[in-house]
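Chemist: Let me begin by handing over the structure; questions about it come next.
The values are calculated or read from the model by the stated rules, or taken from the named source; none is laboratory data. What you are looking at is a predicted structure, and each value in this text was computed from that prediction instead of being measured. Here Cβ is always computed from backbone atoms with ideal geometry, including for glycine, and neighbour counts include all displayed protein chains. Accessible surface areas use protein heavy atoms only, side chains included; no ligands, DNA or RNA. Shrake-Rupley method; radii C 1.70, N 1.55, O 1.52, S 1.80 Å.
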Amino acid sequence: MTDIASLVKEFREYVRKMKHYEEAVGVLYWDLRTGAPKKGAAGRAEVIGELSGEMFRMAVSDRMGDYLDRLSEPHTFAGLGRIDRKIVEECRREYERNRKIPAGKYQEYIVLTSQAETVWEEAREAADFPRFRPYLEKIVETNLEFIGLWGFEGHKYNTLLDMYEPDMTVARLDQVFGELKDKLVPLAAEIREAEPPATGFLHMNYPKEKQKEFSLYILNQMGYDFAAGRLDETVHPFATGLNPGDVRITTRYLPNDVGSALFGTIHEGGHALYEQNISPELAGTPLCTGTSMGIHESQSRFWENMIGRSREFWHCYYGELQRIFPAELGGVPPEAFYRGINRVEPSLIRIEADELTYNLHIMIRYELEKELFAGTLKVKDLPGAWNDKYREYLGVEPENDAEGVLQDVHWAGGSFGYFPSYALGNMYSAQFWNSIRQAMPDFSERVARGDLLPIRDWLSGQIYRYGKLLTPSEIVRKVTGEDLTPSYLVDYLERKYKDIYRLS
Ligand code: ZN
């Protein structure tokens, strides 16, 4: 064996070991969320903390630095295969980022955010922003310090964006969000004036067991592989990809809201299809995951909205839903059901938002985060700025900070730069939707007859199998032939909602 080959083999074993720790943490975390005994939680958190610490140490170790230096040597690097080159780049990114933060400082920050989450919970309960404010100030301040150490180009917020959506910048987001806002704010206002579809039938008594039966049925139809996954229940639904052979999802059944578990399950199912179909070549490497938060979210939203909330989908599956819920839906015509599940309602709470106004909730958060890191907005002025934007974009105003600035946990956890991924996911999904309909001219007919597997397979071949081997912008360009463009989402939403709300 040549020197390079044995070096690569050793490096691969090293990263595989890190991936094994990650998988162990994933299983422990899943177990904690899905029914581990309460009294075990504290001890379990310690185990998770210790394994995570070990992963972190391996990622920033001198040994890692040595591997990266040797493998990056031009002659060696040129001889590496495509996957190994990408693994080196990926590990380098993590290594550089994490080595720049002094260990003590990082530890302090972890303690700060975990305290902040507890205080945020109390503050939200009491609708008391001033209680949370000093923690948030400290979190923003620490992030600014980190940005100083990491460095930034253009706007300080770019460095935070890059953690969730590589290559995304404020300049680009201002442009795409600006276009989106110009179209969606008036559309939402027009809809507010129109007669809303009835939704009472979605809130009858829907027994949990029957909801579960339908959720399992739909996941099977989507091509979710139950031999490589399972469905459980949690308060906050999530998907976790341990490896492509073990991708688990959770959902929550509300007895008086049939849409909650139904669309939540399809959403997490979309995330899971991505993880189940990553190429086996990437297993055991840091590339075996979605390429970005935004692309991941595009898949959950593609399945949830573009497929799961389409007229064609319910043309196929409504009969089965009526069969399971004859008393609740037997007398509701398919068109009424379709309009009901697509009701648009400008509201205060992001997680309850429909697919149109959701984007506006995100833009508000993006604009506030950007200003916080530009230094043009102070934490103390956040609640007022928040309320002003809700009035302007959505025509609603929070009565207190619990239903305003305190509603999301993200800032307490220090996740600045994360929110834009949700709206990016919506834009990517509409752009992919346009491409798949060109590649598959009978796309609508397929959905209408429940022939969903070719759709899953197309997405696998175009997106899923690459994992992190391609960047988000490379994926978008490869699949759609152009860069991210908000006009596909605008067209999709305008066409869909003008039809549903019978606007001219
Ligand atoms: Zn999601």
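Chemist: Translational D (Stokes-Einstein, µm²/s) of the stretch 238-355 at 25 °C and 0.890 mPa s when Rh comes from the Kirkwood sum over C-alpha pairs?
Modeler: Rounded to a whole number, D works out at 154 µm²/s.
Chemist: Round to the nearest 10 and give me the degree value, 0 to 90, for the angle of helix 453-462's Cα axis relative to the longest principal axis of the chain.
Modeler: Long axis of 453-462 versus the principal axis of the chain: about 30 degrees.
Chemist: If a paramagnetic tag sat 7 Å from the Cα of residue 380 along the Cα-Cβ line, which residues of the stretch 120-150 would have the backbone N under 14 Å from that point?
Modeler: Under cut-off, by backbone N: 130-131, 133-135, 137-138.
Chemist: Let me ask something else. Might you report the magnitude of the Cβ-based charge dipole of the chain about its Cα centre, with Lys and Arg at +1 and Asp and Glu at -1, to the nearest 20 debye?
Modeler: 700
Chemist: Given a 1.4 Å probe and every protein chain left where it sits, what share in percent of the accessible area of the stretch 324-471 is carbon and sulfur?
Modeler: After summing per-atom areas, the C and S share lands at 48 percent.
Chemist: So, how do all the Cα-to-Cα distances of the chain break down into 20 Å bins, in percent, from 0 on up?
Modeler: 21, 57, 22, 1
Chemist: With every protein chain kept in place and ligands, DNA and RNA left out, what is the accessible area per residue of the stretch 1-59? Probe 1.4 Å, answer in Å².
Modeler: Accessible area per residue: 65 Å².
Chemist: Along the principal axes of its C-alpha atoms, what lengths does the stretch 350-504 span, in descending order and rounded to whole Å?
Modeler: Reported extents, whole Å, longest axis first: 53, 43, 24.
Chemist: Show that you can apply the helix-only estimate: for the chain, add -39,500 (n - 2.57) for every DSSP H stretch of four or more residues, divide by all residues, and state [θ] at 222 nm to the nearest 500.
Modeler: Computed ellipticity for the chain at 222 nm equals -21000 deg cm²/dmol.
Chemist: Per residue, how much accessible area does the stretch 170-500 have with a 1.4 Å probe, in Å²?
Modeler: 36
Chemist: Would you work out what percent of the accessible area of the stretch 1-90, with all protein chains in place, is carbon or sulfur (probe 1.4 Å)?
Modeler: Carbon and sulfur together cover 55 percent of it.
Chemist: Can you pull the one-decimal nm distance between simple spin-label points at residue 70 and residue 54, each 7 Å off the Cα toward Cβ?
Modeler: The two pseudo-label positions are separated by 2.3 nm.
Chemist: Oh, and also: Which three semi-axes in whole Å describe the equivalent ellipsoid of the stretch 3-151, each the square root of 5 times a Cα gyration tensor eigenvalue, listed largest first?
Modeler: Calculated on Cα positions only, the semi-axes equal 36, 22, 11 Å.
Chemist: Binning at 10 angstrom from zero up to the longest distance, how are the C-alpha pair distances of the stretch 91-164 distributed in percent?
Modeler: 17, 42, 29, 11, 1
Chemist: Quick one: if the Förster radius is 45 Å, what FRET efficiency do residue 238 and residue 10 give, using the C-beta to C-beta distance and rounding to 0.05?
Modeler: The value I calculate is 0.85.
Chemist: Between residue 63 and residue 82, with labels modelled 7 Å along Cα→Cβ, what's the label distance in nm to one decimal, could you check?
Modeler: 3.1
Chemist: Post the alpha-carbon centroid distance, the stretch 257-275 to the stretch 201-255, in whole angstrom.
Modeler: 7
Chemist: Whose amide H sits under 5 Å from the amide H of residue 233, counting only residues 5 or more places off or on another chain, with H placed in the peptide plane?
Modeler: Sorted by chain and number, the residues that satisfy this are 251.
Chemist: Does anyone have the angle between helix 258-276 and the longest principal axis of the chain? Alpha-carbon axes, 0 to 90°, nearest 10?
Modeler: For helix 258-276, the angle is close to 30 degrees.
Chemist: List every residue whose amide H lies under 5 Å from the amide H of residue 289, counting only residues 5 or more places away in sequence or on a different chain, with H placed 1.01 Å from N in the peptide plane.
Modeler: Amide H to amide H, under 5 Å and 5 or more residues apart or across chains, residue 289 pairs with 468.
Chemist: If you don't mind, another one. Rounded to the nearest 5, what % of the DSSP beta bridges within the stretch 170-500 are antiparallel ones?
Modeler: 60
Chemist: Answer with one residue from 379, 486, 439: the one whose Cα lies farthest towards the positive end of the charge dipole of the stretch 353-489, charges on Cβ with Lys, Arg +1 and Asp, Glu -1.
Modeler: Selected residue: 439.
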